[in-house]
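Chemist: This structure is in C-alpha cells; I'll ask about it shortly.
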Amino acid sequence: MEWQAEGTVIARRPHGETAVIIEVLTLQHGRHAGLVPGGASRKRAAMLQPGARLDLHWRARQEDHLGHFTAEPLRQRVSLLGDPLGLAGLNAVCALLCFALPERDPHPALAAMTEALLDRMEAGEDWAEDYLHWEMRLLDEMGYGLDLSACAVTGAREGLAYVSPRSGRAVSREGAGEWADRLLPLPAILGGADSNRGNGLAEGLTITGHFLEARLAAELIGRPLPAARGRLVRRLTGAAGSAGDY
C-alpha cells in the first residue's frame, strides 16, 4: 500500500533513538500518521516541526499498518516560531485537529481551510476572525454544526440575538423572551443583529468553545479540550477567564 500527497505536520513524537512518528493533515487522506526513519536527526527534525508543509510518500505492507513516510520540505513556516500569537494559534489548530479528527478520514474542506489559516498566520495578517470561523467549520465537520440562519422559535431571519446552548440554533430577541439570560449572545461577527455591540470575537469564541467542550469533547471524545485552545483564546481576547476557560 502506498500514496503520495502534500500534507502539513500537526504532531510529532519520538520513536526509538533515531526515528519519529509524525501526524499530517492531507486533503485526500485526512489525518494520517507514519514513521520517519532518521527523523530525530538535527537536520531532519527542523523540517518535521508542526506547521511544516511536506511532499509525502507513504508506504506500508498492509493498509492498517503505521507505515513509513518519505518526506521532502515544501514550506517550513519558521516565522511562526518567533511570533508568540502565531505560535499559540498554530499550537491550538494542531492540537484540536489531533484531538477531533478520526485518523485516515478525509475532510478536504477543513484541510483547505486549515492551510489558508496557517498561511495568514505565517504572513502576520489579522487572522483572529478566520480562526473563529475555522472552529465553526471544525464543529460542522464533526457533526455538531450550528444553525444560525433563522430563529428556532419564530422562524425569523432578522433580529437574531442569541444561540441556544442546547440545540445550537439561533434565537431572535422576540423568540427569546424571558429565557434570554439562559442563552448565549450571538455577535454580529457570526450573523447576529447589528445591535449586539459586545466583544464580537470573545462572544463568538465563547459559543464555539461551549459546543467544542459540551458536544465534541464530552459526547464524542470523552476528554477535555486541549489546553492549547484555552491559551490561544486568552491571548486573542485579552481575558484570563470567559471564553478562554474552554
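Chemist: Are any residues in the range 57-101 of a type in the set (Lys, Arg) and out of contact with any Leu (no Cβ under 8 Å at 6 or more places or on another chain), and if so, which ones?
Modeler: Residues satisfying the conditions are 59, 61, 75.
Chemist: With (1) surrounded by 15 or more Cβ atoms within 10 Å (Cβ to Cβ); (2) touching a residue at least 24 places away in the same chain (Cβ under 8 Å); (3) hydrophobic (A, V, I, L, M, F, W, C); (4) more than 29 Å from residue 219 (Cβ to Cβ) as the list, and residue 19 as the residue in question, which single condition is left unmet?
Modeler: With respect to (1) surrounded by 15 or more Cβ atoms within 10 Å (Cβ to Cβ); (2) touching a residue at least 24 places away in the same chain (Cβ under 8 Å); (3) hydrophobic (A, V, I, L, M, F, W, C); (4) more than 29 Å from residue 219 (Cβ to Cβ), residue 19 is out only on (2).
Chemist: Only one of (1) touching a Ser or Thr at 6+ places or on another chain (Cβ under 6 Å); (2) in the same structural domain as residue 223 (by TED's automatic domain parsing) fails for residue 5. Which number is that?
Modeler: (2)
Chemist: Mind listing whichever residues of the range 217-229 are over 12 Å from the mean Cα position of the chain (by Cα) and assigned to a helix (DSSP H, G or I)?
Modeler: 217, 218, 219, 220, 221, 227, listed by residue number.
Chemist: Still on this structure, please answer the following. Got a number for residues in the range 135-176 being within 27 Å of residue 221 (Cβ to Cβ) and in a strand (DSSP E or B)?
Modeler: Final tally of qualifying residues: 5.
Chemist: Another question, then. Those residues that are of a type in the set (A, V, I, L, M) and under 16 Å from residue 54 (Cβ atoms), I need them from the range 1-18; list them, please.
Modeler: Once the filter is applied, which keeps residues that are of a type in the set (A, V, I, L, M) and under 16 Å from residue 54 (Cβ atoms), the range 1-18 yields 5, 9, 10, 11.
Here's the yes/no breakdown for (1) surrounded by 15 or more Cβ atoms within 10 Å (Cβ to Cβ); (2) of a type in the set (Val, Ile, Thr); (3) not assigned by TED's automatic domain parsing to the domain that holds residue 95:
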| position | (1), (2), (3) |
| --- | --- |
| 110 | yes, no, no |
| 121 | yes, no, no |
| 137 | yes, no, no |
| 142 | yes, no, no |
| 146 | yes, no, no |
| 159 | yes, no, no |
| 174 | no, no, no |
| 189 | yes, yes, no |
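Chemist: Name every residue in the range 1-44 that is closer than 22 Å to residue 121 by Cα and outside any strand (DSSP E or B), in order of residue number.
Modeler: 27
One line per residue, one yes/no per condition, for (1) outside the structural domain of residue 50 (by TED's automatic domain parsing); (2) more than 19 Å from residue 133 (Cβ to Cβ); (3) within 17 Å of the chain's Cα centre (by Cα); (4) acidic (Asp, Glu):
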residue	(1), (2), (3), (4)
192	yes, no, no, no
201	yes, no, yes, no
213	yes, no, yes, yes
234	yes, yes, yes, no
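The values are calculated or read from the model by the stated rules, or taken from the named source; none is laboratory data. Keep in mind that this is a model prediction, so the values were computed, not measured. We place every Cβ from the backbone using ideal geometry, glycine too, and count neighbours over all the protein chains shown.
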